[in-house]
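No lab work stands behind these numbers, since they all come straight from the coordinates. Keep in mind that what you see is a predicted model, and the values were worked out from it rather than measured. Don't worry about glycine lacking a Cβ; one is built from the backbone with ideal geometry, like all the others, and counts go over all protein chains shown.
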Amino acid sequence: MSKRILVGVLAGAVLLALPVVGSADAGHGKKMESAPRAGGHGDHDGHGMSTPANSGVRGAWSALMAARDGISADLEAGALNDIHAKSGPLPELVAGLLAQSGDLETSKRTRVEGAAKQVSRVADALHVAADRGDAERTRKELERLDGLLQLIRAQYEDGALDGGMSGHEGHSAAPSNDHGAHAHMDRPVGVVDAASQATLRVEVLDPFRFQPERLELRAGVPTRIEVVNVGVVEHSLVVKTPDGAQDWVHLHVAPGVTEAATYQLDEPGTYPVVCSVPGHTEGGMIGELIVLASQDGEHSRH
Ligand SMILES: [Cu+2]
């Protein structure tokens with residue numbers, strides 16, 4: 001454990017040095033040349049480390065994960081006082097990742113930039129909650145952070161950030177929502193035990209899309225909704241009740257998995273569909289569900 005933190009600290013040192021070198025090229029010529037060596041600890045200034053050329057994003061990512069893991073460890077240990085100092089650098093760490101991500105295609109870069117803004121907000125909320133000694137709130141904010149980190153991670157090629165050694169869930173530092181907001185989910189109120197009379201199939205895919213985005217079902221008709229996750233991160237399909245108080249439809253789907261349930265919705269109208277995984281709605285993962293008016297008399301005639 002402490003070894004990983006040490007690695008994270010070292011990676012962080014590399015990370016802090018590199019963007020300065022990069023910006024020197026872009027703007028002020030040689031002005032910044034001496035900056036990376038500030039501090040006078042010349043005994044490991046980077047030249048002795050065997051860092052492969054492509055380690056930039058990995059180093060930045062592992063520094064980010066080390067910070068995230070540190071916050072999680074403090075939370076588990078009840079050391080909320082220590083979280084303030086660790087949440088502060090999160091936005092810089094994401095900025096550092098972006099600084100190393102010159103190869104990223106524009107649309108993916110835009111998503112990482114969008115997530116970076118939200119990381120800043122979550123970092124603030126994290127330390128406010130921790131300073132207040134509110135462990136429950138701190139945990140919620142950490143879940144939001146994990147959602148954003150997953151969103152960021154999904155923009156990179158498989159293994160580009162952490163080697164992808166043993167599949168998507170393999171890395172111990174990978175953010176996970178498994179024991180998070182979804183574990184204590186109530187049964188969606190639209191679920192019925194009746195036999196389905198229709199089927200609606202929806203794919204959820206990266207980056208952050210429902211396919212199709214517009215769903216239709218008939219009011220009063222038990223309809224099986226199947227959600228197929230063809231992406232590499234977890235997703236969900238959620239429709240709130242018209243008063244917004246409860247989940248009408250909620251299917252949470254791990255990568256590569258299909259989840260289904262039979263729903264009966266009785267109130268015609270158009271309702272927003274969202275993915276409840278933190279950060280995904282903001283990433284553009286939205287759709288709509290149209291509940292069509294029932295056809296009165298049809299059952300008795302046919
Ligand atoms: Cu999603």
Too long for a 22 Å Cα-Cα cut-off, among LYS117/LYS240; LYS108/LYS240; LYS86/LYS117, are LYS117/LYS240; LYS108/LYS240
Exposure proxy check on HIS235, HIS84: fewest-to-most Cβ neighbours within 10 Å is HIS84, HIS235
In nm, the gap between the two label points placed 7 Å beyond Cα toward Cβ at VAL192 and ALA245 is 2.2
Counted neighbours (other Cβ, 10 Å), sorted fewest up, put TYR271, TYR263 in the order TYR271, TYR263
Amide H contacts under 5 Å for LEU200, restricted to residues at least 5 apart in sequence or on another chain and with H modeled in the peptide plane, are ARG224, ILE225, GLU226
A student applying the Cα gyration tensor rule (rounded when a/c is under 1.5; otherwise prolate if a/b is larger than b/c, oblate if not) would label region 198-301 prolate
Once THR199 and GLU288 are pulled to full extension, the length gained, defined as 0.36 nm per residue separation minus their Cα-Cα distance, is 30.4 nm
Along region 151-160, Karplus-curve 3J(HN,Hα) (6.51, -1.76, 1.60; θ = phi - 60°) to the nearest Hz, with x for Gly and Pro, reads 4, 5, 4, 5, 7, 9, 4, 3, x, 5
Fewest to most Cβ atoms within 10 Å: GLU259, GLU113, GLU157 sort as GLU157, GLU113, GLU259
In whole Hz, the Karplus estimates of ³J(HN,Hα) for region 264-279 (6.51, -1.76, 1.60; θ = phi - 60°; x where Gly or Pro) are 10, 10, 10, 10, x, x, 10, 10, x, 10, 9, 9, 8, 5, x, x
